[in-house]
1. Checking the a/c ratio against 1.5 first, then a/b against b/c, what shape does the Cα gyration tensor give for segment 44-98?
2. In segment 62-146, with Lys and Arg counted as +1 and Asp and Glu as -1 at Cβ, which of these residues, GLN72, PHE106, CYS123, has the Cα nearest the positive end of the dipole, that is, farthest along it?
3. Taking Cα pairs under 8 Å and at least six residues apart, what relative contact order does the chain come out at, in percent?
4. Given a Förster distance of 35 Å, report the FRET efficiency between TRP78 and ARG124 from their Cβ-Cβ distance, rounded to the nearest 0.05.
5. Once you sort the root eigenvalues of the Cα gyration tensor of segment 88-185 as a ≥ b ≥ c, which label holds: rounded (a/c under 1.5), prolate (a/b larger than b/c) or oblate (the other case)?
6. Roughly what angle does helix 32-42 make with the longest principal axis of the chain, taking Cα atoms, 0 to 90 degrees, to the nearest 10?
7. Using 0.36 nm times the number of residues separating TYR54 and ILE135, minus their current alpha carbon distance, what extension gain do you get?
8. Can you tell which of PHE171, ILE91, PHE150 lies farthest toward the positive end of the dipole of segment 39-182, using +1 and -1 charges on the Cβ of basic and acidic side chains (Lys, Arg; Asp, Glu)?
Amino acid sequence: MYFVNYRGPFGFIKPWTAVRDSETFSQQFLTPSIVAGIERKLFPDLLSEPYDLYIIKRHRLSYKQISHQQEQIQPRGWNKKNNCFYRPYSIIVRGVLIEPDLYLGFDNEKDAIHAAKQHICVCRNEDILFPNESIIKISEEDFDTQEDIFNGFELIFEQNEQAFLLGYNRFDDNKPMYGWLKIIGNPVKYIC
């Protein structure tokens with residue numbers, strides 16, 4: 001396989017829901033929709049294809065820490081009180097990854113070269129990760145065993161006894177999507 005490494009000063013992973021994230025800690029790993037979004041940014045010809053993962057075969061994410069930041073939000077709907085419509089404000093806490101380090105794996109060198117010439121965003125356009133233009137060619141076995149280099153979180157998009165519900169695929173009759181979390185080495189890097 002061919003791997004491209006992306007790094008940046010910070011990155012935000014949108015949680016599934018503000019309530020559920022306190023249970024799943026989903027701001028630490030990439031979901032199928034995030035990987036598909038990155039893939040379509042790198043390869044825009046896939047925009048017309050059905051939602052599925054085609055080119056990015058593996059990924060792994062690590063970071064230095066999560067900075068918790070407060071954000072003011074309003075719900076989409078309106079409330080009515082005393083003949084007046086209003087939208088209440090709420091404060092939620094979002095986690096931002098500090099110094100994320102992301103590896104994307106491709107089956108062929110052509111796709112890796114194409115990806116290594118572009119920046120990516122995880123979930124927000126202002127969170128830009130830049131590629132290390134050198135491409136790493138290694139086997140999947142080495143990618144899974146070299147903990148000192150390729151440590152991190154990787155959500156494997158398959159159903160087995162370790163899998164949990166990832167959500168529902170709105171492009172495929174809302175069928176449930178499952179995956180399991182593979183953790184290699186120490187995904188949270190030491191701060192020196």
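1. On the way: a/c = 5.86, a/b = 1.61, b/c = 3.64.
Cα axes put segment 44-98 in the oblate bin.
2. GLN72
3. Numbers: 379 pairs, mean separation 59.0, N = 192.
Computed over the chain, the figure is 31 percent.
4. Details: r = 26 Å, r/R0 = 0.76.
Computed FRET efficiency for TRP78 and ARG124: 0.85.
5. On the way: a/c = 1.61, a/b = 1.23, b/c = 1.31.
Because a/c hits 1.5 or more and a/b fails to exceed b/c, segment 88-185 counts as oblate.
6. Roughly 70 degrees, rounded to the nearest 10.
7. Working: separation 81, 0.36 × 81 = 29.16 nm, distance 1.94 nm.
Between TYR54 and ILE135, full extension yields an extra 27.2 nm.
8. ILE91
None of the figures in this text is laboratory data; all of them are computed from the coordinates on show. Everything numeric here is computed off the predicted structure, so don't read it as measured data. So basically every Cβ, Gly included, is an ideal-geometry build from the backbone, and we count neighbours across all protein chains shown.
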